[in-house]
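Asker: Please find one structure pasted underneath; my questions will follow.
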Amino acid sequence: MTDARGPLTHALAALARVQTARIDDEIAARLSGGLPDVALENADPATIAAFRARAEAELETPWPQPRAHDAARFHLDGDRISWEHPAFARQHRLTRVAVLASGTGEDRWIDETLDGAIMLSEQSSWCWPAHDDTRARHGSVLATVTDPYVDLGAGEAVGQLAWLDHIAGDVVEARYPGFRARLAHEARVRVLDPFVARRDWRWIDFGGRVNNWNPWIHGNVIAAALQFLDGDERARVVSLAIEGMDLYVASLPEDGAIDEGYAYWWNGACRLVEALDLIAHATGLDATGEIAAVRETIAFPHRMHLGEKWFVNAADGQALQRDPQPWHALHRAARRIGDETAASFAALHRDPSMSAVAESEGLGRVARGIADADWLAAGPGADPLPERTWLPSTEMLIVRGATGSAAGLAFAAKGGHNDESHNHNDVGSVIVASDGVPVVVDAGRPTYDARTFGPDRYDLWPMQSQWHGVPFVRGAGQPAGERFAARDVVAGDREISMDLAGAYDVPALAEWRRTVSLDGDDVLIDDAWRFDEDGDEPTEVRFVLAGEVTLTSGSARVVPLSGAAPVALTWDPDAPATLEEQLLEDPMLSHVWGEHLTRLSIDVSDRTEISVRVRHNEPMKERR
């Protein structure tokens with residue numbers, strides 16, 4: 001390690017009762033164990049049954065095969081999912097059969113595990129094509145096998161083989177001698193050796209901007225080091241991973257907020273606490289509860305919950321939980337630090353009649369959750385639904401009528417700036433939920449392609465401020481960049497106020513004061529603004545609505561999704577308004593919102609203030 005020590009290193013050193021300068025030696029001396037034991041004889045029966053049913057159905061079918069020309073498509077036409085979908089499907093199948101091979105010892109599952117693992121070992125690259133730097137370094141649109149790039153995909157692959165070797169290596173090796181040596185070789189040449197040899201991995205800090213790649217990859221590297229290395233090599237890799245994760249821990253705000261949004265918590269902060277779990281197992285040093293930001297981030301999921309499967313989303317996060325999440329990982333972390341509220345919220349998602357884990361979580365997460373006795377026995381759980389959550393690091397306030405109930409209206413409003421992780425230009429945006437279901441919404445992200453993280457990102461409508469609940473000022477939306485930010489943000493008990501003028505490149509805009517409050521049972525959005533000179537360009541206050549919308553003079557009635565109570569947005573009828581539908585053909589968006597979203601635009605060009613009230617339009621009907 002270098003001498004630049006962060007909160008994780010200091011916490012580990014304090015636990016070990018040594019100086020930080022000695023923590024490398026202390027880690028090396030304490031690394032006595034590999035990966036945690038998995039008692040598959042106590043595995044969740046529902047998960048085993050589900051894995052077996054899917055595995056038997058595909059037993060005589062070809063394994064999914066990612067193809068070379070699909071790998072190259074990212075560079076040719078921007079498509080990334082044509083390669084990713086079969087690659088992911090193959091790894092999901094391998095997870096299923098590895099669990100069955102380990103749990104049953106049956107030859108058919110051992111054979112399947114061998115085939116899947118060797119196919120993965122013979123895949124040209126574990127790096128997802130969208131991440132590979134081979135074109136920049138070698139001018140190639142295909143992976144350079146002699147210069148592997150360590151990314152999220154390579155991390156997931158090496159982590160999968162580490163856990164596979166841990167739970168099923170013995171039974172496969174007994175039938176196919178040499179199997180385990182092959183896995184260890186591939187882990188070394190594709191990930192472990194490059195990780196140590198090449199220290200310019202941009203995902204460690206992205207030039208000073210740390211995001212979820214850091215703990216996600218480092219956690220998988222730690223798992224592989226514990227399984228495939230020993231002695232000084234193991235200590236070196238684990239120490240480097242701790243050093244790298246220290247940057248992520250240092251970037252976590254004290255309030256535990258994730259500016260990438262709730263959906264990214266699972267593959268960011270959650271990956272961190274899972275990595276800390278591995279470190280604690282291998283060294284006896286558990287830093288999870290020793291760092292305030294880590295303790296606070298374990299509360300982040302329940303603080304973002306609106307109701308049912310709906311969550312406050314920001315940036316590229318999604319409002320509707322789409323895939324199974326590893327609630328067992330949250331449950332385990334909350335138990336370790338004694339956060340009963342977070343543990344109970346996680347337990348709310350444990351249904352004994354359903355699988356306790358899902359193969360899409362990855363084999364490491366499956367192995368940790370499938371036989372976790374506390375998780376399997378968890379329930380029924382409770383939803384805290386706090387009345388007020390204020391996250392100063394992201395300048396987000398969430399307010400609902402009462403603690404513990406999703407009934408009625410709730411709002412979330414954020415300040416922030418336009419260079420956050422997975423940024424959308426959304427300073428000042430507002431979300432309103434009716435009975436826990438978003439009705440004034442943030443659309444979230446589309447399917448990723450070559451434009452998503454390149455210079456054309458803001459050509460995509462979901463990333464533009466024009467399709468967020470923020471003003472459109474004199475013909476201009478908000479530009480991207482950290483300098484475009486909210487100013488003078490003040491959060492009260494039931495309201496938040498901020499100046500949005502700094503979020504626009506409109507020189508004549510002197511101030512735009514937005515105040516969002518819970519006014520009795522209603523949500524009130526008050527806007528007042530001032531220009532230094534006259535102008536002819538249109539100015540509008542905009543909101544994005546989910547559900548069926550009917551516009552009349554001074555009012556828009558919305559029948560929300562999921563059977564929530566209808567709401568009405570009302571304003572001065574002298575301010576004309578229009579509706580524009582955005583058809584949703586991208587399944588990443590239509591899965592959440594259905595066939596369309598609707599933008600409400602209120603023309604305020606002839607005035608300097610307006611109030612929009614959101615209220616329940618009629619009593620809640622029975623949910624569909």
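Asker: Take L306 and decide whether it is at pLDDT 95 or above, farther than 22 Å from G408 by Cα, assigned by TED's automatic domain parsing to the domain that holds A224 and hydrophobic (A, V, I, L, M, F, W, C).
Answerer: no
Asker: If a residue has to be farther than 19 Å from N313 by Cβ and either out of contact with any Lys or Arg (no Cβ under 9 Å at 6 or more places or on another chain) or of a type in the set (V, I, T) (or both) to count, how many in the stretch 277-297 make the cut?
Answerer: 13
Asker: Still on this structure, please answer the following. Within the stretch 331-350, is there a residue that is surrounded by 23 or more Cβ atoms within 10 Å (Cβ to Cβ), at pLDDT 95 or above and outside any helix (DSSP H, G or I)?
Answerer: No: the stretch 331-350 contains no residue that is surrounded by 23 or more Cβ atoms within 10 Å (Cβ to Cβ), at pLDDT 95 or above and outside any helix (DSSP H, G or I).
Asker: Just to be sure, is W63 assigned by TED's automatic domain parsing to the domain that holds A223, surrounded by fewer than 19 Cβ atoms within 10 Å (Cβ to Cβ) and touching a helix residue (DSSP H, G or I) at 6+ places or on another chain (Cβ under 7 Å)?
Answerer: yes
Asker: Please go through the stretch 351-390 and pick out each residue that is of a type in the set (D, E, K, R) and in a loop (DSSP other than H, G, I, E, B).
Answerer: D351, D372, D383, E387
Asker: Determine if the stretch 516-536 includes at least one residue that is outside any strand (DSSP E or B), of a type in the set (D, E, K, R) and within 20 Å of D426 (Cβ to Cβ).
Answerer: Checked the stretch 516-536: no residue is outside any strand (DSSP E or B), of a type in the set (D, E, K, R) and within 20 Å of D426 (Cβ to Cβ).
Asker: Let me ask you something else. Has the stretch 482-503 got at least one residue that is among the aliphatic types (A, V, I, L, M), in contact with a Pro (Cβ under 8 Å, 6 or more places away or on another chain) and free of Cβ contacts under 8 Å to residues at least 40 places away in the same chain?
Answerer: Checking the stretch 482-503: not a single residue is among the aliphatic types (A, V, I, L, M), in contact with a Pro (Cβ under 8 Å, 6 or more places away or on another chain) and free of Cβ contacts under 8 Å to residues at least 40 places away in the same chain.
Asker: Could I ask something else about it? What are the residue pairs meeting all of these: first residue in the stretch 545-570, first residue farther than 19 Å from Q582 by Cβ, second residue among the acidic types (D, E) and crowded, with 20+ Cβ neighbours inside 10 Å, Cβ atoms under 8 Å, and 6 or more apart or on different chains?
Answerer: Qualifying pairs under 8 Å: A564/D435; A565/D435.
Asker: Does V470 fit the bill of being β-branched (V, I, T), in contact with a Pro (Cβ under 9 Å, 6 or more places away or on another chain) and either under 23 Å from A315 (Cβ atoms) or at pLDDT below 95 (or both)?
Answerer: no
Asker: Next question. Counting just the residues of the stretch 131-162 that are touching a Ser or Thr at 6+ places or on another chain (Cβ under 9 Å) and closer than 13 Å to Q227 by Cβ, which one comes out surrounded by the fewest Cβ atoms within 10 Å (Cβ to Cβ)?
Answerer: Once the filter is applied, the top-ranked residue is Q160.
Asker: I'd like the full set of residues that are among the basic types (K, R) and touching a residue at least 60 places away in the same chain (Cβ under 8 Å), limited to the stretch 256-304.
Answerer: Selection gives R303 alone.
Asker: On the basis of being within 22 Å of the chain's Cα centre (by Cα), among the small types (G, A, S) and either surrounded by fewer than 17 Cβ atoms within 10 Å (Cβ to Cβ) or within 30 Å of H616 (Cα to Cα) (or both), does G362 make the cut?
Answerer: no
Asker: While we're on this one: Identify, from the list I110, I81, the residue that is touching a Ser or Thr at 6+ places or on another chain (Cβ under 7 Å) and of a type outside the set (S, T, N, Q).
Answerer: On inspection, the qualifying residue turns out to be I81.
Asker: Do you know which residues across the stretch 537-553 are assigned to a strand (DSSP E or B) and charged (D, E, K, R)?
Answerer: Listed by number, the residues that qualify are E540, R542, E548.
Asker: Quick check on the stretch 78-101. Is at least one of its residues more than 29 Å from A241 (Cβ to Cβ), in contact with an Asp or Glu (Cβ under 7 Å, 6 or more places away or on another chain), in a loop (DSSP other than H, G, I, E, B) and outside the structural domain of P587 (by TED's automatic domain parsing)?
Answerer: Within the stretch 78-101, one or more residues are more than 29 Å from A241 (Cβ to Cβ), in contact with an Asp or Glu (Cβ under 7 Å, 6 or more places away or on another chain), in a loop (DSSP other than H, G, I, E, B) and outside the structural domain of P587 (by TED's automatic domain parsing).
Asker: Which residues, taken from the stretch 567-579, are surrounded by fewer than 13 Cβ atoms within 10 Å (Cβ to Cβ) and part of a strand (DSSP E or B)?
Answerer: T578, the sole residue that qualifies.
Asker: Turning to a different aspect of this structure: Kindly indicate the residue of the stretch 392-416 that is in contact with a Gly (Cβ under 8 Å, 6 or more places away or on another chain) and part of a strand (DSSP E or B) and also nearest to A565 (Cα to Cα) among those meeting that condition.
Answerer: L409
Asker: Would you be able to say whether some residue in the stretch 284-304 is assigned to a helix (DSSP H, G or I), more than 19 Å from L391 (Cα to Cα) and under 15 Å from the mean Cα position of the chain (by Cα)?
Answerer: no
Asker: Right, another one. For the structure I just gave you, tell me whether A556 is of a type in the set (A, V, I, L, M) and part of a loop (DSSP other than H, G, I, E, B).
Answerer: No, not satisfied.
Asker: Looking for whichever is among the acidic types (D, E) and under 20 Å from the mean Cα position of the chain (by Cα) here; the options are D200, D193, D246, D230. Which one fits?
Answerer: D246
Asker: Right, something else. Condition first: over 30 Å from T403 (Cα atoms) and in a loop (DSSP other than H, G, I, E, B). Now tell me which residues in the stretch 466-499 satisfy that.
Answerer: Result: R474, G475, G477, Q478, P479, A480.
Asker: Within the stretch 433-465, track down each residue that is buried (at least 18 other Cβ atoms within 10 Å of the Cβ) and in a helix (DSSP H, G or I).
Answerer: Y458, P462, M463, S465
Asker: Only one of (1) modelled with pLDDT under 95; (2) in the same structural domain as D372 (by TED's automatic domain parsing); (3) under 28 Å from D277 (Cα atoms); (4) among the hydrophobic types (A, V, I, L, M, F, W, C) fails for A43. Which number is that?
Answerer: Single failed check for A43: (1).
Asker: Look at the stretch 1-18 and say how many of its residues are at pLDDT 95 or above and either under 31 Å from the mean Cα position of the chain (by Cα) or not in a helix (DSSP H, G or I) (or both).
Answerer: So the answer is 11.
Asker: Select, from P62, P66, P36, the only residue that is over 27 Å from the mean Cα position of the chain (by Cα) and either free of Cβ contacts under 8 Å to residues at least 12 places away in the same chain or assigned to a loop (DSSP other than H, G, I, E, B) (or both).
Answerer: P62
The values are calculated or read from the model by the stated rules, or taken from the named source; none is laboratory data. Source: prediction; values computed, not measured. Glycine also receives a Cβ, built like all others from the backbone with ideal geometry; neighbour counts cover every protein chain displayed.
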